[in-house]
Amino acid sequence: MVAVIYDMDIDASPSDKCYTYFVDTTTGEIIGGRKGYHETWYKLKNNL
């Protein structure tokens, strides 16, 4: 799982600037994704 926060010149919440990609660790292939933070990653990153 890789979360990318894009540098945008608009006033938006961090979750609107972020996209989380799901990557196959064996092949390196992107196998999905969704707009915003993946909740588990966000909680881990922010010690919640």
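What follows is calculated from the coordinates using simple rules that are stated; it is not laboratory data. Quick caveat, the model's predicted, so the values are computed rather than measured. Reconstructed Cβ throughout: ideal geometry from the backbone, glycine too, with neighbour counts over all protein chains shown.
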Amide hydrogen neighbours beyond the local backbone of Gly33, cut-off 5 Å, H modeled: Phe22
Charge sum, other residues only, whose C-beta stays under 12 Å from Tyr21's C-beta, Lys/Arg counted +1 and Asp/Glu -1: 0
